[in-house]
Amino acid sequence: MVDYLPDNAQSTEALEVMKEEFDGAIPNTSVLIYDVSIQEALVYKEELAAIDGVTDIVWLDDVIDIKTPIEMADQSLVESYYHDNHALFSFVVEDGEEVRVTNEIYELIGEENAMAGEAVDTATQQNMAFTETMYAAALLIPIIIIILVLSTTSWVEPLFFLTAIGISVLINLGTNIFIGEISFVTQSVAPILQLAVSLDYAIFLLHSFSDYREKVSDPKEAMRLAIKRSFPAIAASASTTFFGFIALSFMNFEIGSDLGFNLVKGIVFSFISVMVFLPALTIICYRWIDKTQHRPFIPKLNKIGNGVLKLRIPVTIIVFILIVPAFLAQSETNFIYGIGDQPETTRQGTDIKKIEEEFGTNNQIVVLLPREDLGKEELLAQELADHPEVKSVVSYVTTVSAAVPPEYLEEEITQQFYSDSYSRFILNTTTEVEGEQAFAFIEDVSDTVGNYYDDYYMLGESVTLYDMKNVVQEDNTFVNTMTIVTIGLALLIALKSLSLPIVLLLTIQAAVWINLAIPYFTESPFVFVGYLIVSTVQLAATIDYAILLTEDYTIKRKEMPALQAVKQSLNDKFFSIIISASILSSVGFILWLTSTNPIVSSIGLLLGRGALLAFILVIVFLPALLVFLDKIIEKTTWKANFYKEER
């Protein structure tokens, strides 16, 4: 996740400075070894250091002279590394080597000892990204097939849908080789999300084809007419989704652009596949469709419209009452910016608990200072050490002495503390990696260091998450505004109306706000990346339901009064909308249930719940708005030609 911070983020710049100035990086992994003497711990240290990909291993012998009795050393410093015959090692696992290296370390330390850190998190998520995607797909595809079988009159038609979209998903995944690398979040979410949001295109086309088969004897002519009829609806649906995902690509936190670009590619490939490949496949295999016909499993619903419109006044009042608190609450949710706590049912969660039980929480923060005056460094080190949340400060002045000039010592002693231009302080702290306390502590340290130095750098997991928080909060307003504007423009062109885009956006945005407000009222912290992505994706993916109903309404409104047109459109399109919503909702809830990655899981939960809420508001709230605003819609729609009752 750190790789996706912008280049001008403070922690990104700090990391570059430290790479240039110092050989050692910030430790990203800790290993706990139980019941060892100092000599046995040193053997473990050598074995860990011998693993290819492990560098900069730090233990007690690097901060004190263990040839002298450790009882004479600073006990707070000693107990950061060695406590009750238990040893805690810190080291760096090189980027790109996390999976292999952590597997080798597990073999070395066995089940009884423990390992934790960013490298372990990365390795776990990389291991899970592919297997969990396959597991989610294995659960999801049968569910989608059942939904599609219920919605069609042919046993093989659902296979055509899945083949057309499945091929576009594979092409999209294959083209990622030209990008070079993608996030594990994208790998986990994009294929399934592409399948869910673009399956509608295939359904629109083949339903039109089935209708024309009843009117035209030549299958090719029926397909030609079906393409002509369904093209506007598919193009409108694809364009709104396309522009919604484009907005993600403009996030400063580049996980959004990584996912957004993949989904944009996916929508383009799905659109081409449905408009070019699916017609060809259908014409070649239409006899299979004919031979596998079955009676509809679900009867036509002709009373939905009448029942829904009886509730239009109370529904409108309720939704408008909910919109304001939902809008305010969704911006006040307690957010997580990392990957959150790991379940204790996993090895990763158990190991974290073991380390914290023996050594407490140890969150390292590195401060890079201009190399100037030893006396100033000593004063700063003392002030930082006095902070209640700082366990120890590892620096030249605390480990050696301000009284000993560095020039008098060998370079191998001083190089871990000094470069030509910078001095390095390592703070071992008791704060959690993130949260109000952790971020307040980052600000306190920054203020303290700022009293001594004008230019300095801070880095570490907490500092990175602090930067991430600031970056993604700036992204939130921009990306959401851009999503609404671009989708609004696409709707303006598709519907040729000034008022209808506002009506549709209000309907879906109300569902988005209600969805994102639920974590606030349930006091459930949420991963912010999931929140930010879903606030865009839900709008882009579920606006199709509103388009489908509204386009049908404007056609019927040319032939009948508003109330009758809305009732008829609800009766005709309810089934199609519930099929689309049930597929997208199933995708979301399956991701939520199957993923151990909190980011993917949160995206799934929000998406599943959001699809259901969007479906409910499109069915009960949008029809009410269409009836109440009928005259405004007529006056603001180009060539509306609405039906006029004769008097």
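Derivation of every value follows stated rules applied to the coordinates shown; laboratory data play no part. Quantities reported herein were computed from a predicted structural model and do not represent experimental measurements. Every residue, glycine among them, receives a Cβ derived from its backbone with ideal geometry; neighbour counts consider all protein chains shown.
Assorted remarks:
- In degrees, nearest ten, helix 38-49 long axis to first principal axis of the chain (Cα): 50 degrees
- Square roots of 5 times each gyration tensor eigenvalue, C-alpha, the stretch 63-107, largest first, Å: 30, 11, 8
- Highest mean first, the peptides 227-236, 454-463 sorted by other C-beta atoms within 10 Å per residue fall in the order 454-463, 227-236.
- Protection proxy ranking of 406-419, 379-392 - average other beta-carbon atoms within 10 Å, highest first: 379-392, 406-419
- The distance separating the Cα centre of the stretch 601-631 from that of the stretch 291-308 comes to 22 Å.
- Top positive-direction residue, dipole computed over the chain with Cβ charges, set 234, 632, 318: 632
- In the chain, a dipole from Cβ-located charges (positive for Lys and Arg, negative for Asp and Glu) runs towards its positive end, and of 584, 302, 348 it is 302 whose Cα lies farthest in that direction.
- Cα-derived Rg over Rh, computed across the stretch 245-345 with Rh taken as Kirkwood radius: 1.16
- Percent breakdown of C-alpha pair distances by 10 Å bin, ordered from the shortest bin, for the chain: 3, 14, 22, 20, 15, 11, 8, 5, 2, 0, 0
- Bins of 5 Å from zero: percent of alpha-carbon pairs in the stretch 152-297: 2, 10, 19, 20, 16, 12, 9, 7, 4, 2, 0
- Cα gyration tensor, the stretch 154-208 - rounded (a/c under 1.5), prolate or oblate: prolate
- Positive-pole candidate from 113, 36, 251, dipole of the chain, charges at beta carbon: 251
- For the chain, adding -39500 (n - 2.57) for each run of n ≥ 4 DSSP H residues and dividing by the number of residues yields -21500 deg cm²/dmol at 222 nm.
- Panel order for 485, 169, 149, by other beta carbons found within 10 Å of each beta carbon, from fewest to most: 485, 149, 169.
- Taking the average, over residues, of other Cβ atoms within 10 Å as the packing measure, peptides 525-536, 42-53 rank 525-536, 42-53 from highest down.
- Between the stretch 491-557 and the stretch 343-409, the alpha-carbon centres lie 48 Å apart.
- Proximal lysines relative to residue 300, as straight alpha-carbon distance under 19 Å, when same-chain residues fewer than 8 apart are discounted: 556, 567, 573
- Each Cα pair under 8 Å and six or more residues apart adds its sequence gap; the mean of these over the residue count of the stretch 152-297 is a relative contact order of 40 percent.
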